[in-house]
1. For the structure I just gave you, tell me whether residue 67 is modelled with pLDDT under 95 and either in contact with a helix residue (DSSP H, G or I) (Cβ under 8 Å, 6 or more places away or on another chain) or within 17 Å of residue 180 (Cα to Cα) (or both).
2. Going by the structure shown, is residue 52 outside the structural domain of residue 234 (by TED's automatic domain parsing), farther than 18 Å from residue 168 by Cα, under 20 Å from the mean Cα position of the chain (by Cα) and in a helix (DSSP H, G or I)?
3. Can you find a residue that is without any contact (Cβ under 8 Å) to a residue 60 or more places away in the chain, closer than 30 Å to residue 265 by Cα, out of contact with any strand residue (DSSP E or B) (no Cβ under 7 Å at 6 or more places or on another chain) and part of a helix (DSSP H, G or I) anywhere in region 22-40?
4. How about region 114-131: which of its residues are touching a strand residue (DSSP E or B) at 6+ places or on another chain (Cβ under 6 Å) and in a loop (DSSP other than H, G, I, E, B)?
5. Return yes or no: is residue 81 surrounded by fewer than 24 Cβ atoms within 10 Å (Cβ to Cβ) and part of a helix (DSSP H, G or I)?
6. Checking residue 256 against (1) within 15 Å of the chain's Cα centre (by Cα); (2) closer than 19 Å to residue 68 by Cα, only one condition comes out false. Which one?
7. For residue 134, indicate whether it is part of a strand (DSSP E or B), more than 21 Å from residue 178 (Cα to Cα) and touching a helix residue (DSSP H, G or I) at 6+ places or on another chain (Cβ under 8 Å).
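The values are calculated or read from the model by the stated rules, or taken from the named source; none is laboratory data. Given the structure is predicted, the values throughout are model-derived calculations rather than measurements. Here the Cβ positions follow ideal geometry from the backbone for every residue, glycine too, while neighbour counts run over all protein chains shown.
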């Protein structure tokens, strides 16, 4: 059984950013909150957004102080800013951090309380402000999801806060905006998007709709990732990456994620490891762990990437997928093990802490093969 409810209009194509003012005006609101980050301001994207919205006759207040992996403090500051400007429509411009902060602020602006009140699903009781998402990275697919992922400011552990009312009304996907990404950001976000496609394809909640999105996402991402690493200004490949990331986000919305993300979040909390690096290092080891349960599904993904044949056993194909994915990490110049990814290394005591915290991550409950603390500790050891 599944319940598929598409909630987001998608405007895709090179140059589609120019429609922002027109699209925003259709909501009949006057006061717009633009949520972005300092890097987007430096790249000129936020100024262009403000100009497009201004040309459409809208009043724009720009909150451009979003940090990577936004915390509850970031959301609180955004909420205070939005209240000051009496915002009626929200636009999230940037990577997953900007979009998550914008969605988090929407929860509090309309429903009150604090982010901790919305951890989980369906805890908002009032309608939210309309939101438009304009991703500038090909990574999180946040524009396709009804979740805001916000870190607790004290523990730095991420909280998934989801509600159908938080879904974006419109997503504008313009590959031209992604060309300004530094190579390291393009690499980390691209790897993140691929982990979304791979994990959502095999979760316990998988269904025909989520697998359709995940499969198409994987095919687009696996094809175009090597191209953008070599040809960063290739707009066609950038478009495939952006659309692939969006479709992977849509897959998450319908089937959730697994233990690669459960293992990554504690790494980011304790060592400030970039999310794309953390999930990238851990995914091959989770694939190997899950092979006994979903090796046949992994074989399909490995075949789609040209890494396996139908005659391969599920275990062989899972290993081919893990090795092929590791090849992408190497191509991007990213760490392939925790010893490289985490400065100073990880001692036995910390491995136990990481494993215990991984068991508490919501995404772990959707992993196709059950994992307890001992299993998580073994997977972390395998990744060293």
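1. Values: modelled with pLDDT under 95: yes; either in contact with a helix residue (DSSP H, G or I) (Cβ under 8 Å, 6 or more places away or on another chain) or within 17 Å of residue 180 (Cα to Cα) (or both): yes.
In short, yes.
2. Values: outside the structural domain of residue 234 (by TED's automatic domain parsing): yes; farther than 18 Å from residue 168 by Cα: yes; under 20 Å from the mean Cα position of the chain (by Cα): no; in a helix (DSSP H, G or I): yes.
It is false that residue 52 is outside the structural domain of residue 234 (by TED's automatic domain parsing), farther than 18 Å from residue 168 by Cα, under 20 Å from the mean Cα position of the chain (by Cα) and in a helix (DSSP H, G or I).
3. Just the residues of region 22-40 that are without any contact (Cβ under 8 Å) to a residue 60 or more places away in the chain, to begin with: 22, 25-26, 28, 30-32, 34, 38-39.
The next check asks that each one be closer than 30 Å to residue 265 by Cα; those that pass are 34, 38-39.
If we keep only those that are out of contact with any strand residue (DSSP E or B) (no Cβ under 7 Å at 6 or more places or on another chain) as well, we get 38-39.
Within this subset, residues satisfying the condition of being part of a helix (DSSP H, G or I) are 38-39.
There is at least one residue in region 22-40 that is without any contact (Cβ under 8 Å) to a residue 60 or more places away in the chain, closer than 30 Å to residue 265 by Cα, out of contact with any strand residue (DSSP E or B) (no Cβ under 7 Å at 6 or more places or on another chain) and part of a helix (DSSP H, G or I).
4. Of region 114-131, the ones touching a strand residue (DSSP E or B) at 6+ places or on another chain (Cβ under 6 Å) are 115, 118-119, 121, 129-131.
119, 129, 130 - these are the residues of region 114-131 that are touching a strand residue (DSSP E or B) at 6+ places or on another chain (Cβ under 6 Å) and in a loop (DSSP other than H, G, I, E, B).
5. Working: surrounded by fewer than 24 Cβ atoms within 10 Å (Cβ to Cβ): yes; part of a helix (DSSP H, G or I): yes.
In short, yes.
6. That leaves (2) as the condition not met.
7. Values: part of a strand (DSSP E or B): yes; more than 21 Å from residue 178 (Cα to Cα): no; touching a helix residue (DSSP H, G or I) at 6+ places or on another chain (Cβ under 8 Å): yes.
Criteria not met by residue 134.
The rows are residues; the columns are (1) modelled with pLDDT of 95 or more; (2) under 24 Å from residue 209 (Cβ atoms); (3) crowded, with 24+ Cβ neighbours inside 10 Å.
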residue	(1), (2), (3)
156	no, no, no
168	yes, yes, yes
172	yes, yes, yes
176	yes, no, no
179	no, no, no
182	no, no, no
187	yes, no, yes
197	yes, yes, yes
